[in-house]
Amino acid sequence: MGNTAKIEFKIFNRWGEMVYSYNGTNMTSGQGWDGTYKGSSLNNGVFAYYATATMPDGKEVSINGNVSLIK
């Protein structure tokens, strides 16, 4: 796997529907959720996120919380 952590990142709406998912090893600046789902812009609101990173040594680090979408 090299020196890069494997990242799994998901965002869910208030009904528990996943609106964004990333699973990879190199999330770069400017890459990520753009506030759309299935090609449509979502309304302002609060969304839950869950992220897990698997480090090169196999250790897992997880975080979760809420993010507000404001346009």
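Estimated from the Cβ-Cβ distance and a Förster radius of 25 angstrom, the FRET efficiency linking Glu8 and Lys38 is about 0.75. Counting neighbouring beta carbons within 10 Å and listing from fewest to most, the residues Ile11, Ile70, Ile63 come out as Ile70, Ile63, Ile11.
The simple spin-label model puts a point 7 Å past each Cα toward its Cβ; for Thr54 and Met18 those points are separated by 1.5 nm.
Could you list the GluC sites (Glu not before Pro) in segment 1-62 that lie in coil according to DSSP, counting only those with at most 12 other Cβ atoms within 10 Å of their Cβ? List each step's numbers first, then the result.
Details: sites: Glu8, Glu17, Glu60; in loops: Glu17.
In loop regions of segment 1-62 (DSSP not H, G, I, E or B), the sparsely surrounded GluC sites (Glu not before Pro) are Glu17.
Each of Ser62, Ile7, Tyr37 was scored by the projection of its Cα onto the charge dipole of the chain, and the greatest displacement toward the positive side belongs to Tyr37; charges sit on the C-beta of Lys, Arg, Asp and Glu. Taking a ≥ b ≥ c as the square roots of the eigenvalues of the Cα gyration tensor, the chain is prolate, since a/c reaches 1.5 or more and a/b is larger than b/c. Only Cα pairs under 8 Å and 6+ residues apart enter the sum, and on that basis the relative contact order of the chain stands at 34 percent.
A short reminder: the numbers here are calculations on the coordinates, not readings from a lab. The model shown is predicted, which means the values in this text are computed figures rather than measured ones. Cβ coordinates were reconstructed from backbone atoms using ideal geometry, including for glycine residues, and neighbour counts include every protein chain displayed.
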